[in-house]
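These notes concern the structure reproduced below.
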Amino acid sequence: MVLSYAQWLTKSAGEKLNDSEREMLSCIQENGLRLQTLLAALRQYIFIAESGQENWESVDCNRVLLHVLDCLKGAIREANAVITYDPLPGIQSVEVLLFQLFENLISNALKYRSEIEPKIHISAELIDRRWVFSVADNGIGIEPEQSNYIFGVFKRLHGRQYSGTGIGLAICKAAVERLGGRIWVESKPGEGATFRFALPQKGLL
Amino acid sequence: MSGVHILVIEDNPGDVRLIQEALRSQTVSFRMTHYDTADRALKAVHRYQPGAADVPDIMLVDFNLPAGNATDILIAAAKNPALARIKKAVMTSSVAPKDRDQAILHGADCFIFKPADLDGFLNEVGGALRTLCDEVSALSAGRPSG
């Protein structure tokens, strides 16, 4: 709404404005856009964290991953990233939540890349009757003491050089919790980061 | 003929203005009746009489409203013979797919996710309303006048 009206004003009055007024208007537009992105992420978070009836079904994780990679193909190309993955299992789960997990973790891996060619590997292994999924990157990594902080809502470690709302990992945490699992990160600065989430398996004994 | 009569139920005056602009951008000739809360809209929805001149051709309802939501309005409209068959559109800025399912289940002919940018809004809202207006005109052309 703020964005629409700022665009409208730019269209109808753009010519009549002086440089400083045009700058103010573009500031409104830019922040309108940020607000919009933030609001969309918050709505997503509330939707993931609160929606009632879960649709548990048998989900082929390979298919979910391919769908996510397809949605992120622009960002993958832009980052020149090499994405590899092991065969993933089929599990009893909630597809929309798994989608959110892979999408947020992979787009973070792309975003927080380092100078070297970004490599991201997705895998899963069965440990103690839980499937533990990993999204490993060779990006900038994070300090181990920040490894809980980053899962909070609006918790960010970087300024504007990395765009973001501070909600992506909170969405991941909410999604994993709704699936009865947990999520954590293993990382050191400069050594990449591996995000893992463990999901209990219904009926897998 | 004063064009298509659109009943808009929307609490944000900014959006009402954008809806008017979207209709103008489609060169649709229209008149608009507007309510800004679900309870006011519901009173009106109950009051419409079949065949009366003030019965709208199209209803456009924002999903989340003060004092209710679009499903309340759709359910009430379905019960009033004056409105049961008019075209109904629901729009929202929410992302919840269940909102759309609910709206469609209760008789919405179309569901619009409000785009945040001006061109998106004008195209999508304008385009959807244009389609409904064309359907309304096609229906009334097929009917003997008077």
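Could you grab the relative contact order for chain A? Cα pairs under 8 Å, six or more apart, rounded to a whole percent. Before the final figure, lay out the partial values.
Details: 315 pairs, mean separation 40.7, N = 205.
Relative contact order for chain A comes out at 20 percent.
Using per-residue counts of other Cβ atoms within 10 Å, averaged over each peptide, order B:15-24, A:60-69 from highest down.
Details: B:15-24: 18.9, A:60-69: 17.4.
Top of the packing list down: B:15-24, A:60-69.
What helices does chain B have that are whole DSSP H segments, at least 20 Å long along their own axis by Cα, and with mean Kyte-Doolittle hydropathy of 0.5 or more?
On the way: long enough: B:118-141 (33 Å, 0.52).
Helices meeting the criterion: B:118-141.
Can you give the Kirkwood hydrodynamic radius for chain B, in Å, rounded to one decimal and based on Cα pairs?
Details: mean 1/r = 0.0656 Å⁻¹.
This gives a value of 15.2 Å.
Tell me the Rg and the Dmax, in Å, that the Cα atoms of the stretch A:7-51 produce.
When restricted to the Cα atoms of the stretch A:7-51, Rg and Dmax are 15.6, 48 Å.
Tell me the relative contact order for the stretch B:6-139 as a rounded percent, counting alpha carbon contacts under 8 Å between residues six or more apart.
Values: 214 pairs, mean separation 35.8, N = 134.
Reported relative contact order: 27 percent.
Only Lys, Arg, Asp and Glu count, each charged at its Cβ (+1, +1, -1, -1), so figure out the dipole size of the stretch B:6-139 about its Cα centre, rounded to 20 debye.
400
With a 1.4 Å probe and every protein chain left in place, work out the accessible area per residue of the stretch A:1-93 in Å², rounded to a whole number. Please report the intermediate quantities before stating the final value.
On the way: 5950 Å² over 93 residues.
Value for the stretch A:1-93: 64 Å² per residue.
Identify all lysines with a Cα-Cα distance to residue A:155 below 19 Å; exclude those on the same chain that are fewer than 8 residues away in sequence.
Here the lysines satisfying the reach criterion relative to residue A:155 are A:111, A:173, A:188.
Take every Cα-Cα pair in the stretch A:101-172 and report what % of them are more than 15 Å apart. The partial results should precede the final answer.
Details: 1550 of 2556 pairs.
Beyond 15 Å sits 61 percent of the P(r) for the stretch A:101-172.
To check you understand DSSP bridge types, tell me what percent of the beta bridges within the stretch B:6-139 (both residues inside) are antiparallel, rounded to 5. Present the calculation step by step, with values, prior to reporting the outcome.
Numbers: 2 of 19 bridges.
Antiparallel bridges make up about 10 percent of those DSSP assigns within the stretch B:6-139.
Angle check, please: helix A:95-111 long axis (alpha carbons) against the longest principal axis of chain A (alpha carbons), in degrees 0 to 90, nearest 10.
It is inclined by approximately 60 degrees.
Taking a quarter of the surface of the Cα convex hull of the protein assembly as shown, what do you get in nm²? Display every interim value, and only then the final one.
Values: hull surface 90.9 nm².
With the hull built on Cα positions only, its mean projection is 22.7 nm².
Choose one of A:159, A:67, A:35: the residue whose Cα lies farthest towards the positive end of the charge dipole of chain A (beta-carbon charges +1 Lys, Arg; -1 Asp, Glu; about the Cα centre).
About the Cα centre, the residue reaching furthest to the positive side is A:35.
Please name whichever of B:22, B:129, B:35 sits farthest to the positive end of the charge dipole of the stretch B:6-139, dipole taken about the Cα centre and charges placed at Cβ: Lys and Arg +1, Asp and Glu -1.
B:35
Just tell me which lysines come within less than 22 Å, Cα to Cα, of residue B:79; anything on the same chain fewer than 8 places away is out.
Result set, ordered by chain and number: B:43, B:87, B:88.
Given A:89, B:108, A:171, which one lies farthest toward the positive end of the charge dipole of the protein assembly as shown, if we put +1 on the Cβ of every Lys and Arg and -1 on the Cβ of every Asp and Glu?
Farthest along the dipole direction, towards plus: B:108.
Give me Rg over Rh for the stretch A:36-85, both radii from the alpha carbons and Rh done the Kirkwood way, two decimal places. List each step's numbers first, then the result.
On the way: Rg = 14.7 Å, Rh = 13.6 Å.
Rg/Rh: 1.08.
Roughly what angle does helix A:61-71 make with the longest principal axis of chain A, taking Cα atoms, 0 to 90 degrees, to the nearest 10?
20
Relative to the longest principal axis of the C-alpha atoms of chain A, give the angle of the C-alpha long axis of helix A:168-178, reported between 0 and 90° and rounded to the nearest 10°.
Approximately 40 degrees, to the nearest 10.
Using only the alpha-carbon atoms of the stretch A:77-205 as identical scatterers, what base-10 log of I(q)/I(0) does the Debye formula give at q = 0.10, 0.22 Å⁻¹?
Debye curve over Cα of the stretch A:77-205, log10 I(q)/I(0) at q = 0.10, 0.22 Å⁻¹: -0.30, -1.43.
Treating only the Cβ of Lys, Arg, Asp and Glu as charged (+1, +1, -1, -1), what charge dipole size does the protein assembly as shown show about its Cα centre? Round to the nearest 20 debye.
About 540 debye.
Counting only helical runs of four or more DSSP H residues, what would the 222 nm mean residue ellipticity of the protein assembly as shown come to if each run contributes -39,500 (n - 2.57) and the total is spread over all its residues? Walk me through the numbers before you get to the answer.
Working: 11 runs with 156 residues, N = 351.
Value at 222 nm, helices only: -14500 deg cm²/dmol.
The values are calculated or read from the model by the stated rules, or taken from the named source; none is laboratory data. What you see is a predicted model, and the numbers here were worked out from it, not measured in a lab. When we count neighbours, we look across all protein chains shown, and the Cβ atoms used for this are built from the backbone with ideal geometry, even at glycine. SASA here: full protein model, heavy atoms, side chains in, ligands and nucleic acids out. Shrake-Rupley method; radii C 1.70, N 1.55, O 1.52, S 1.80 Å.
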